[in-house]
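The values are calculated or read from the model by the stated rules, or taken from the named source; none is laboratory data. Note that the structure is a prediction, hence the values are computed from the model and not measured. Methodologically, a virtual Cβ is constructed for each residue, glycine included, from the backbone with ideal geometry; neighbour enumeration extends over all protein chains shown.
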């Protein structure tokens, strides 16, 4: 009976995963909450069923969409869902669960970059930097054709240099921030669903209850004395 129930629930959540993927693809929405159904499934029935339904969802999504990219999206981002589900299943604290989610999201992004590099021979990060450079070059050419003064062209060139440096050195921070955001949003949605099902999930303490460690007071006093 329990096995039949888990398979039935797995099939329903797999169908939701396929639906979210197809809708997101045709509406141009990011694959942000695709991991949620697989996280719920892994939390309730373990990672084995989560992995099985992840691949089953990938096959169905590929057949419906007519190409393999929908299925690949589910498999890649399903890693995040399964990781979050297992972290919650093991009763990890909020901080540890979020850390698992961030690490899994970074792995998912890495897999995505590798996939597109192998299939299309492109580097997503490098192409993003090239896109910024091309936009500024086209802008400079446009202003030159309109007879813009040299001072304005110099400012645009300085902006292009700055933007290129920001993309080059700030991209790791952007990737990390996006991973934190994606993990937090998925964890929040999973928590909302599980709370409605009567399951409590560890969450961050309200801000009014936050307390700094006692040693931070010593560091603060020492810093003031040094000033």
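Answer yes or no as to whether residue 24 is within 15 Å of residue 189 (Cβ to Cβ), touching a helix residue (DSSP H, G or I) at 6+ places or on another chain (Cβ under 9 Å) and surrounded by 17 or more Cβ atoms within 10 Å (Cβ to Cβ). So residue 24 passes the test.
With respect to (1) loosely packed, with under 15 Cβ neighbours inside 10 Å; (2) modelled with pLDDT of 75 or more, the lone exception for residue 99 is condition (1).
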